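Below is one structure, written out as structure tokens, with a few remarks after it.
The values are calculated or read from the model by the stated rules, or taken from the named source; none is laboratory data. The structure presented is a predicted model; accordingly, all values stated were derived computationally and were not measured. Every residue, glycine as well, gets a Cβ built from its backbone with ideal geometry; the counts of neighbours run over all protein chains shown.
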Amino acid sequence: MQLSPYTPGRVAREIPGREAQLQEIGGMLALPALHGLFSGRIRVDIGPRGVGKTSLLRKVRQDALTIGLSPIYVTAGNGPLSAVIADEARSQIQRWGIPGGPGDWLDRLSFTLGVPGVASVTAQASPHSPLPQATRAFRELIERTASTAREQGHKGVAVLVDELQDADDEGLKTVAYAWQELQDSKTPAVFLAAGLSHTPDVVTEAVTSAERFAFRPMRDLQDHEVREALTDPASALGVRWETRVLQDVVAATCGYPYAVQLWGDAMWSAAGSPDSGGVLGAGAFDAARASVDQDMNSLHRARWSKTKGRERELLTAMAQLGGIDVARSEIARALHVATSALGPARQSLLDKGIIQIAGHGLLSFTAPGFAEYVLALE
């Protein structure tokens, strides 16, 4: 018996189908790591939950370490974004164990940016410093952290932020303006982030210079990428897939990365956790399908339970209209309301990751099978 190589609900060890994105990101990492240059745009990979954004960012973190950068990895939403980044930078510097400590400059900048627990008078500080002061402090934080990283044998720093859609407006402004002011510097630094599909709306609402952000959508996997995601982990353990069963599973996943991992894990379990030389075949398919259906139903139920009132009305209308590339005008017509009346419910559902923007004026469910789940509730 061998442990399953598939990772539903956990950060995937491999991320097939993202080679083009990783190549582009690798070019950004190379600017500070190989050329000592500042990477001017903030790249944000966006997509629905379950599409592999966190796995991508974790892989980027490993790639950054491999080429000599010191990664500062945080999740937005745990406080003002600039303070969260400053707090992690502070922890990073302290882990380096610099003789004499990291210096008064870090305490001063941390205090200005509102890092909890810095100096005895922190409690008296306002939650947000005036924007110009905070911008200068964050700019200096990046400059001096990168300089300190180089003194410790690193090539520079890579700031990595997950769940960017949860960042506060002031924090986004501070980061964006500071990054803009660093454009002409020689600071070896790069900023990469990930967020839900509506993250561009969040950033644009908060920051006038949103052109500094490069948004890159993460799509579902194509069939050949799903096959790779299923067969490669099994092959590494000496296990093969029956061709017909593999085709059926590829079709059943709809290219949704979370479903791919669910199917792989369920097939592995139903096949008895095969040893090298084993086969994932037809005998395991029905049991695997029952397991995946149960897990996907739990996912849909959990998402539905987070909604109420007008949100549920909007979701039901979307489901009745197909759930994919549904025009807001059609939803409004089905609910007998003006399109503008959908705004609060639409935004809440975007924030919860249940729906995503599929194009201008278009919405789609983020998980396959959710439309069928909603219709079955009627």
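Observations
- Within the range 17-42, the set of residues being of a type in the set (Gly, Ala, Ser) and farther than 12 Å from Ala189 by Cβ comprises Gly17, Ala20, Gly26, Gly27, Ala30.
- Unique match (being in contact with a Ser or Thr (Cβ under 7 Å, 6 or more places away or on another chain) and surrounded by fewer than 23 Cβ atoms within 10 Å (Cβ to Cβ)) among Arg49, Arg41: Arg49
- Any hit, the range 112-121, residues being modelled with pLDDT of 90 or more and surrounded by fewer than 21 Cβ atoms within 10 Å (Cβ to Cβ): no
- For the range 36-57, filtered to residues that are closer than 13 Å to Thr366 by Cα and either touching a Cys at 6+ places or on another chain (Cβ under 6 Å) or assigned to a loop (DSSP other than H, G, I, E, B) (or both), the residue that is modelled with the lowest pLDDT is Gly50.
- Here Gly353 fits the description: modelled with pLDDT under 95 and not assigned by TED's automatic domain parsing to the domain that holds Cys254.
- Selection from the range 141-155 of residues that are in a helix (DSSP H, G or I) and surrounded by fewer than 16 Cβ atoms within 10 Å (Cβ to Cβ): Ser147, Glu151
- Search result, residues across the range 54-90 that are without any contact (Cβ under 8 Å) to a residue 24 or more places away in the chain and of a type in the set (Ser, Thr, Tyr): Thr66
- Residues located in the range 276-317, provided they are part of a loop (DSSP other than H, G, I, E, B) and more than 29 Å from Ala376 (Cα to Cα): Ser276, Gly277, Gly278, Gly281
- Summed over the range 359-371, the residues that are farther than 16 Å from Gly50 by Cα and either touching a residue at least 40 places away in the same chain (Cβ under 8 Å) or assigned by TED's automatic domain parsing to the domain that holds Pro200 (or both) give a count of 2.
- Across the range 22-38, the number of residues qualifying as touching a Pro at 6+ places or on another chain (Cβ under 9 Å) and loosely packed, with under 15 Cβ neighbours inside 10 Å comes to 2.
- Considering each residue of the range 35-56 in turn, at least one proves to be out of contact with any helix residue (DSSP H, G or I) (no Cβ under 9 Å at 6 or more places or on another chain) and of a type in the set (Lys, Arg).
- Residue that is farthest from Pro80 (Cα to Cα), among those in the range 122-138 that are among the hydroxyl-bearing types (Ser, Thr, Tyr) and either at pLDDT 80 or above or more than 29 Å from the chain's Cα centre (by Cα) (or both): Thr122
- Looking only at the range 310-367, and only at residues there that are closer than 27 Å to Leu221 by Cβ and of a type in the set (Val, Ile, Thr), the one that is surrounded by the most Cβ atoms within 10 Å (Cβ to Cβ): Ile355
- Here Met267 clears all of (1) assigned by TED's automatic domain parsing to the domain that holds Trp241; (2) among the hydrophobic types (A, V, I, L, M, F, W, C); (3) in contact with a Gly (Cβ under 8 Å, 6 or more places away or on another chain) except the condition numbered (3).
- Those residues of the range 349-374 which are out of contact with any Ser or Thr (no Cβ under 8 Å at 6 or more places or on another chain) and assigned to a helix (DSSP H, G or I), in sequence order: Asp351, Phe370, Ala371, Glu372, Tyr373
- Selection status of Pro8, touching a residue at least 12 places away in the same chain (Cβ under 8 Å) and either in the same structural domain as Gly278 (by TED's automatic domain parsing) or closer than 18 Å to Val161 by Cα (or both): no
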